1. Give me the Kirkwood hydrodynamic radius of the range B:101-243 in Å, from all C-alpha pairs, to one decimal place?
2. Would you mind giving the average projected area, over all directions, of the Cα convex hull of chain B in nm² with one decimal?
3. Rounded to the nearest 500, what is chain A's calculated 222 nm mean residue ellipticity when only DSSP H runs of at least 4 contribute -39500 (n - 2.57) each, over all residues?
4. Provide the descending list of Cα extents for chain A along its principal axes, expressed in whole angstroms.
5. Compute the semi-axes of the equivalent ellipsoid of the range A:45-244, taking the square root of 5 times each eigenvalue of the Cα gyration tensor, and list them largest first in whole Å.
6. Determine which residues of the range B:235-251 fall in the zone a paramagnetic label at B:GLN96 would reach in this model, i.e. backbone nitrogen under 17 Å from the point 7 Å along Cα→Cβ.
7. Using the basic label-point model (7 angstrom from Cα toward the beta carbon), what is the B:HIS144 to A:SER80 distance in nanometres?
8. Amide H neighbours of A:LEU54 under 5 Å, at least 5 residues apart or on other chains, H built in the peptide plane: list them.
Amino acid sequence: MIRVSNLRKIYRVPQRAPGLGGAFRSLFSREVREVRAVDGVSFEIAPGERVGFLGPNGAGKTTTLKMLAGLLVPTAGELSVLGHVPARRDVKLLERITLVMGQKQQLLWDLPPRDTFELNRALYQIPDAEFRETVEELTRLLELAPLLGRPTRNLSLGERMKCELAAALLHRPAVLFLDEPTIGLDVVMQLQVRQFIAAWNARFQSTVLLTSHYMDDVQALCPRVIVIARGTLRYDGSLKGLVERHQPLRRVRLRPVSGFSGALPAPFRAPVGAGPGRRGVPGESDEESLEADHVADVPPGDVGALLHAALTLCPGADVRIEEPPLEEVFARLFRAEAGA
Amino acid sequence: MTPPRVLTALPTLFRIGAAEMTAYRAEVLIWILTSTMPLVMLAIWDAVAADGPVGGLSQADLARYFTVTLVVRQLTSCWVVWELNQAIRTGSLSPQLLRPLSPLWFHAVRHWVALPLRIAVLLPVVALLVVWRPEMALPADPLHLAVAALASLLAWLVVFAFQVAFGALAFWSGQSLGLFNLWFGLWTIFGGYLMPLSVMPEAVQAVATYLPFRSMLSVPVEIAAGLLPPAAWPGALALQGAWVLGAGVIARLAWTRGLARYGAFGA
């Protein structure tokens, strides 16, 4: 389905010193710096899989997606999507894939989305009955009815993104490359787009490769994740496995009963808030209350012993054991990469 | 670029192109009105020819020449070079490239759908010119008009292909429009836009005959204005045909090689 082998993309970026002098010098000698955007990445994706493609800014995610969609020609390596070499941009491949870019649009700016749909019907040669059925389905799933007749320029970012998704799926592509499809959307719209992608994948068994900075997207949609940083592959496997590898600790939160003023054993950290006794303060939000918690990050096997020790010192305390938030796992992973 | 796909998509492309043009009607109208240089040149050359023919052309001949130039210029000018330049530098070409039909078709259709509006704007201007110089005698013979229309179509193909080639230079350089402006300057001189080629020194004329610029404007103007005898039409059309091929090959090379360098920036 998708096969990527030792993929490389090296950009040659012209360098110019600032100011008039720099502009003048660049006329005679042009300095060029090589940027290794993707540097030897390999992976395979089976039909119908939903894969999260993750990494910090500048990791090479979008460059890889653009090579997979045939927009960029790789510097080296092999690429195959549905049996085609994407860079050749065969019509047979283009009519079976789509690339949705959260920051680039295909909708005609001054015309209603319905006109872009009509244009795509003609360009992808979609039979009339299939076109009508797909538009109806997309309109229902994404709640597009009130949007289709308004000029694109008059739609909000979220409304536009939903119409972008619909325009990109009219030809029922077998492979969806989604580059930050929920960027800039509010939480309600993010959830709607997320649910839609899951429903679409279930309905058409299409393969999804998705990049996103929103961990909720990844958690909801992608059983498998591929992580790249500085153009090289750092992890390819289940999301659960990634969490275990990079944040194997459990977070224990302990909120003492009112009046407790002692110290808890290491590795508990003292509360960041005003100290004990804040629990249940009227008008204080849950988040503020959390600041009154003593917190410890420990391996799963040590949780029992730590709790025993802590509850002996502080009987009757509220205790919560949490998996670490995914954002923290990635922040830790990417920080380690930056320092590597 | 499979022909069947283009043919089945053409009606929709036309409809969408027309809808877009309606959305941008004010902009298109202003653009049309800026191409009035032939009227300025007519005023100048009319004054020069007041005392007698210039290069064998009387005031009536010059009025006919520049009236026809105004029309042919409107029929053959396009703006694909600016659109490609913008699309390549900003990365907005990316969504167009994902579709299974070359975006160049859409640019071509945009030109064709604007033709009725262009002609509608031109008609009253041409009528005024005819009232001003009734002796100019514009061509009316159907065969004559048909040959002039064919020459205009060939001229547009050369213009379009060169604009695609210059537009594609944006794959290599951010300054490609500067080169195009230089090219445009040469076209105004050697294409017969500022003056008929026949008023130029003979040595310059000999060179200008074989440059691409003549095929881009002057040939249809010379045919329509009656400056080229019918016996010379096949030769002139063949020359245009050769430039269509030449410019087409250059455009194709620039476009396909450029695509291989495309950076797809901006997203």
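1. Details: mean 1/r = 0.0592 Å⁻¹.
Kirkwood hydrodynamic radius for the range B:101-243: 16.9 Å.
2. Values: hull surface 60.9 nm².
If you wrap the Cα atoms of chain B in a convex hull and average its projections, you get 15.2 nm².
3. Details: 12 runs with 124 residues, N = 340.
Result for chain A, helices only: -11000 deg cm²/dmol.
4. Largest first, chain A extends 72, 56, 44 Å along its Cα principal axes.
5. Details: eigenvalues 145, 80, 49 Å².
That gives 27, 20, 16 Å for the three semi-axes.
6. B:251
7. Taking the two extended label points, one gets 6.6 nm.
8. The list, which skips near neighbours in sequence, is A:ILE226, A:VAL227, A:ILE228.
No lab work stands behind these numbers, since they all come straight from the coordinates. Everything numeric in this text was worked out from a predicted model, so none of it was measured. Reconstructed Cβ throughout: ideal geometry from the backbone, glycine too, with neighbour counts over all protein chains shown.
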